[in-house]
Amino acid sequence: MNYRTNRGESLVNLAEEHKILLVFLRHFGCTFCRETMANLAEKKDEIESAGVKIVVVHMVNSETAADMLNLYNLENVRHISDPEQKLYNRFGFYKVSFRSLFGVKNWWRAFVAGIVKGHLIGKPAGDPFQMPGVILFHKNKVINNFAYKYVSDRPDFTRVAKSA
């Protein structure tokens, strides 16, 4: 597991020194991923003040990701490009089921997140069938996690980050 951040840091080495909040995104065109980035930006200072480093995991090249993260005021957040989804698989994030993607709950949440909150939907940049997730990782161990049941679920980043 020798993944490197956009800054060239080894994820394993970084996690030896700090607790890492790994935020796995579906794809950058996803309404819910856009909402996730907005929510993460709101909680970023609180999470980092607790000594936790944030690392966003995505499936596009680093330049594309940096552009998208910048739009959501996450320009200083580390990120890892994982187009083959090996890191997703390593942490047990699976492909989405039909119900998880197209259930009634998601339609309502898509309306709220996309139209009411203005996150809209874009062209898929990554795998739209990949489930997202959140992991608190330290010294090669998962300390806490948020496992999505639906793509529209909303993690409490602060709760996950401050759980240990």
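Bear in mind that the values in this text are calculations on the coordinates, not laboratory data. Bear in mind that the values here come from a model prediction, so they are computed numbers and not experimental data. A quick note on method: Cβ atoms are made from the backbone with ideal geometry, for glycine too, and the neighbour counts reach across all protein chains shown.
Descriptive notes on the structure:
- Per-residue ³J(HN,Hα) for segment 70-80, Karplus 6.51 cos²θ - 1.76 cosθ + 1.60, θ = phi - 60°, Hz, x for Gly and Pro: 4, 4, 9, 6, 10, 5, 9, 7, 5, 8, 10
- Peptides 17-29, 61-73, ordered by how many other C-beta atoms sit within 10 Å of their residues on average, highest first, read 17-29, 61-73.
- Estimated distance in nm for a label pair at K86 and E46, the labels positioned 7 Å out from Cα along Cα-to-Cβ: 3.6 nm
- FRET E, pair N61, Y94, Förster distance 25 Å, beta-carbon r, rounded to 0.05: 0.60
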